[in-house]
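Some notes on the structure that comes next.
The values are calculated or read from the model by the stated rules, or taken from the named source; none is laboratory data. Since this is a predicted model, take the numbers as computed values, not measurements. In this analysis, Cβ positions are derived from the backbone assuming ideal geometry, glycine residues included, and neighbour counts consider all displayed protein chains.
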Amino acid sequence: MTVIAHAAAVATPLIINTPAAATQCIPIDFTWTGGVAPFTLAYFLRAENILEGGNVIQSFRGIPGQEFIWATNVTGGVSLDVQLQDSAGAAAFTAPFEISASTNTGCL
């Protein structure tokens, strides 16, 4: 007699870490746990309402792992929210954060 066991795929909750600091043109390492690859990151101006389709200023699709290094190529003084979405449609958000100004403008 042969017994075949099937493990149900259980996705862990999607959680993205909010950067401790963000400075214009200094790369930020976004990391997260859970979810199903590939992932999409979308950057929204804080003044917009994400849940009502606020304006995406940048997005990155097809991220295969649970880390993304962003060039922080927005002007200092801008407040952002970042949304992470997985391929199953689950979403997670960072807390709002502000980009600090810098004399480095090479990425703008």
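Got at least one residue in the range 78-89 being acidic (Asp, Glu), outside any strand (DSSP E or B), modelled with pLDDT of 95 or more and within 13 Å of the chain's Cα centre (by Cα)? Give the steps one after another, and end with the answer.
At the first step, the residues of the range 78-89 found to be acidic (Asp, Glu) are 81, 86.
Now drop any that are not outside any strand (DSSP E or B), which leaves 86.
The next check asks that each one be modelled with pLDDT of 95 or more; those that pass are 86.
Adding the requirement that they be within 13 Å of the chain's Cα centre (by Cα) leaves 86.
Taking every residue of the range 78-89 in turn, at least one turns out to be acidic (Asp, Glu), outside any strand (DSSP E or B), modelled with pLDDT of 95 or more and within 13 Å of the chain's Cα centre (by Cα).
Quick one: would you say Val74 is modelled with pLDDT under 95, crowded, with 18+ Cβ neighbours inside 10 Å, among the β-branched types (Val, Ile, Thr) and assigned to a loop (DSSP other than H, G, I, E, B)? So that I can check it myself, show each step before the final result.
Working: modelled with pLDDT under 95: yes; crowded, with 18+ Cβ neighbours inside 10 Å: yes; among the β-branched types (Val, Ile, Thr): yes; assigned to a loop (DSSP other than H, G, I, E, B): yes.
Answer is yes for this residue.
Listed residues Arg46, Arg61; which is touching a strand residue (DSSP E or B) at 6+ places or on another chain (Cβ under 7 Å), at pLDDT below 95 and not hydrophobic (A, V, I, L, M, F, W, C)? Write out each step before concluding.
Numbers: Arg61 fails: at pLDDT below 95.
Residue meeting the stated conditions: Arg46.
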Pairs returned, first residue in the range 84-108 that is farther than 21 Å from Gly65 by Cα, second residue that is part of a loop (DSSP other than H, G, I, E, B) and of a type in the set (A, V, I, L, M), beta-carbon separation under 6 angstrom, 6 or more apart or interchain, are Phe97/Ala22; Ile99/Ala22; Ile99/Val74; Ile99/Val78; Cys107/Ala71
Search result, residues across the range 61-73 that are more than 11 Å from Pro27 (Cα to Cα) and either touching a residue at least 24 places away in the same chain (Cβ under 8 Å) or touching a Cys at 6+ places or on another chain (Cβ under 6 Å) (or both): Gly62, Ile63, Pro64, Gly65, Gln66, Glu67
